[in-house]
Amino acid sequence: LRGALISQSITKKLLDSEYQEIQNKSKQDLIYAVNSGVGNITIGIIANVINLISDSILLVVILIGLLFVDLVAAMSSLLLFAFVSISLYLILRKYALRINKDFVSRAIENNQIFSQVISIYPEIFVKDNLGDFVSKLGIQRKKITELDAEIRFLPNISKYVMEVILVVSVLFIAG
């Protein structure tokens, strides 16, 4: 629902802008920005916020429990998790930006190729070039699917790293 409202707002702003400003962008850029782009951003943000909240609650519960057992262990755990969190943020942020930028450009390019095929279909059919376009679209879709899988897995990396750090630190404290 939130995505639909954002999409509607972007569409209104787009249609209220100057004609020349609209002409400076490709149709596929505009379509992606109003439709798929909004969905990808809202779903991606919501999923990441939920993961962040659940991981934060888990960390707070563990730290509160450690405060009752050992103040030094609690403080060292807090510092360890803070260091790992900041490191993960710095490392994964650049990687996520690069992947998303590649995903968006490939999705737009794929839409442009498909639009071109539809526009000149009779000519392509007569010249027997359908195979070339199908091959191009297939290669693009494969790469888009791979990038989408990476984008969807990326939030889990921090969760798994934090869980491994938690297990190793518990083993360290216990042993």
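The values are calculated or read from the model by the stated rules, or taken from the named source; none is laboratory data. Please read these numbers as outputs of a predicted model, since none were measured by experiment. Here Cβ is always computed from backbone atoms with ideal geometry, including for glycine, and neighbour counts include all displayed protein chains. The area values use the complete protein model at the heavy-atom level, side chains included, leaving out ligands, DNA and RNA. Shrake-Rupley method; radii C 1.70, N 1.55, O 1.52, S 1.80 Å.
Kyte-Doolittle mean at least -1.0 and Cα extent at least 18 Å along the axis: which DSSP H helices of the chain qualify?
Sorted by number, the helices that extend far enough and score high enough are 2-16, 36-69, 71-119, 130-174.
Using a 1.4 angstrom probe with every protein chain in place, what is the largest-first accessible-area order of Leu71, Leu130?
Most to least solvent-accessible, the answer reads Leu71, Leu130.
Under a 1.4 angstrom probe, counting protein chains only, how are Ser119, Ser17, Ser77 ranked by accessible area, largest first? The partial results should precede the final answer.
Numbers: Ser119 90, Ser17 30, Ser77 10 Å².
Final ranking, largest accessible area leading: Ser119, Ser17, Ser77.
Given a Förster distance of 22 angstrom, what is the FRET efficiency for Ala149 paired with Ile10, based on the Cβ-Cβ distance and rounded to 0.05?
Rounded to the nearest 0.05, the efficiency is 0.25.
7 Å from Cα along Cα→Cβ at both Phe133 and Arg98: what's the point-to-point distance in nm?
3.4 nm
Tell me what the chain gives for mean residue ellipticity at 222 nm when only DSSP H runs of n ≥ 4 count, each as -39,500 (n - 2.57), the sum divided by the residue total, rounded to 500 deg cm²/dmol. Don't jump to the answer; show the numbers that get you there.
Numbers: 7 runs with 162 residues, N = 175.
After summing the helix terms and dividing by the residues of the chain, the value is -32500 deg cm²/dmol.
Taking the alpha-carbon distance from Lys13 and a cut-off under 19 Å, which aspartates and glutamates remain once sequence neighbours fewer than 8 residues away in the same chain are dropped?
Glu21, Asp29
Gap in Å between the Cα centre of the stretch 1-75 and the Cα centre of the stretch 110-175?
The two parts, judged by their Cα centres, are 19 Å apart.
Which whole-number percent of Cα pairs in the stretch 29-175 have a distance greater than 26 Å?
47 percent
Could you pull the accessible area for Thr145 with a 1.4 Å probe, rounded to 10 Å²?
Approximately 80 Å² for this residue.
Considering only protein heavy atoms, what is the solvent-accessible area of Val134 at a probe of 1.4 Å, reported in Å² to the nearest 10?
Using a 1.4 Å probe on the heavy atoms, I get roughly 100 Å².
Counting pairs of alpha carbon atoms under 8 Å apart in space and at least six apart in sequence, what relative contact order in percent does the stretch 1-104 give?
Worked out over the stretch 1-104, it gives 23 percent.
In Å and whole numbers, how far do the C-alpha atoms of the stretch 25-104 stretch along each principal axis, longest first?
61, 21, 13
How much accessible surface area, in Å² rounded to 10, belongs to the heavy atoms of Asp55 with a 1.4 Å probe?
It works out to around 50 Å².
Can you compute the FRET efficiency between Gln116 and Gln20 using 1/(1 + (r/R0)^6), with r the Cβ-Cβ distance and R0 = 41 Å? Round to the nearest 0.05.
According to the calculation, E is roughly 0.95.
So how do Phe83, Phe103, Phe114 rank on accessible area, 1.4 Å probe, biggest first, that is with the largest at the start?
Result, largest first: Phe83, Phe114, Phe103.
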